[in-house]
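The values are calculated or read from the model by the stated rules, or taken from the named source; none is laboratory data. Values in this document were obtained by computation on a predicted structure and should not be read as measured data. Cβ placement follows ideal geometry from the backbone for every residue including glycine, while neighbour counts extend to all protein chains displayed.
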Ligand code: NAD
């Protein structure tokens, strides 16, 4: 019972983890014993982020693929499984943001957002789940958002994609639970990262955020690690189809 959160002997593939929240989660899972596979579209970025973990004494390697390209994803997942070993934990973290008023939103940018945030989760999970089903065990964690539940001006496609991440989580749970695969999501509130840099710099936005969030501050990315370790470990073996909000209470407040 002391080892409920221990990830020793587990291998985690985290998409889009050369920087930002994914990179923090990589460090957090590594510190709890997991071997990490860092994904980025560019091999050199994935390798550099993996090397930084290795320099801290962790086991890590890089895997380059674009989550929107099913052939690339299938090849990369097969290669990881064959050369490194089983992917025990998949974190679908890769995501992008585009901001425009609704009626001016370019169709190409709608496609970009939906392809990475929504289709990327579908493609990557589909490939990894096949191996997990054969082993009859696995953990899939999808990174949602406040916009899995709440709309916000100028980011309607992002909200549509993150709402879909919630339902992908539930749908995959329903199909995969009987194979002892737990599919859950983490929905971060507002965290200061490169993605949110324009908002962090915007004083009006930050002062709105302090009032709107019961905790009255931005989230620190390392505060997502506890939720990820929980959902990646045997501590959550009967938790399935759940979206865990890590938001300083924002969703609880009007
Ligand atoms: P980030 O921009 O720092 O990191 C996103 C990563 O995804 C980057 O490394 C990028 O290279 C990668 N990526 C983008 N497209 C890709 C593709 N096609 N294939 C592979 N990798 C790709 O952003 P972040 O803030 O760290 O966001 C990580 C996740 O957390 C995203 O899903 C985002 O929607 C979500 N999120 C962030 C916040 C926040 O406050 N920062 C809040 C809620 C949810």
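Of all residues being touching a helix residue (DSSP H, G or I) at 6+ places or on another chain (Cβ under 8 Å) and under 15 Å from residue 128 (Cα atoms) in segment 164-183, which is nearest to the ligand (Cβ to nearest atom)? Just the residue, please. Ranking the qualifying residues of segment 164-183, first place goes to 168. Confirm whether residue 88 is closer than 24 Å to residue 185 by Cα and touching a residue at least 60 places away in the same chain (Cβ under 8 Å). Here the answer is yes, as residue 88 does meet what is asked.
On inspection, residue 248 passes the criterion of being modelled with pLDDT of 95 or more, within 14 Å of the ligand (Cβ to nearest atom), over 24 Å from residue 123 (Cβ atoms) and crowded, with 18+ Cβ neighbours inside 10 Å. Does segment 21-32 contain at least one residue that is surrounded by 15 or more Cβ atoms within 10 Å (Cβ to Cβ), at pLDDT 95 or above, within 17 Å of the chain's Cα centre (by Cα) and away from the ligand (no atom under 14 Å from the Cβ)? Checked against the condition, which is being surrounded by 15 or more Cβ atoms within 10 Å (Cβ to Cβ), at pLDDT 95 or above, within 17 Å of the chain's Cα centre (by Cα) and away from the ligand (no atom under 14 Å from the Cβ), segment 21-32 yields at least one hit. Looking at segment 1-74, the strands (runs of 3 or more DSSP E) lying wholly inside it that each contain 1 or more residues that are free of Cβ contacts under 8 Å to residues at least 40 places away in the same chain and in contact with a helix residue (DSSP H, G or I) (Cβ under 6 Å, 6 or more places away or on another chain) sit at 35-40, 60-64. In this structure, is residue 204 in contact (Cβ under 8 Å) with a residue 40 or more places away in the chain and out of contact with any strand residue (DSSP E or B) (no Cβ under 7 Å at 6 or more places or on another chain)? No. Which is more than 25 Å from residue 119 (Cα to Cα) and away from the ligand (no atom under 13 Å from the Cβ), of 48, 78, 60, 12? Just one listed residue meets the conditions, 60.
Only residues that are over 11 Å from residue 127 (Cβ atoms), more than 12 Å from the ligand (Cβ to nearest atom) and in contact with a strand residue (DSSP E or B) (Cβ under 8 Å, 6 or more places away or on another chain) were counted in segment 81-112, giving 5. Figure legend. Inter-residue proximity from segment 234-245: first residues crowded, with 17+ Cβ neighbours inside 10 Å, second residues assigned to a loop (DSSP other than H, G, I, E, B), beta-carbon distance below 6 Å, spacing 6+ or different chains. Indicated pairs: 243/144. Only one of the listed residues (91, 80) is buried (at least 18 other Cβ atoms within 10 Å of the Cβ), under 19 Å from the mean Cα position of the chain (by Cα) and part of a helix (DSSP H, G or I). That residue is 80. Scanning segment 126-156 for residues that are surrounded by fewer than 14 Cβ atoms within 10 Å (Cβ to Cβ) and on the phi > 0 side of the Ramachandran plot returns a single hit, 136. In segment 185-196, the qualifying residues are those that are more than 6 Å from the ligand (Cβ to nearest atom) and at pLDDT 90 or above, and the one that is farthest from the chain's Cα centre (by Cα) is 189.
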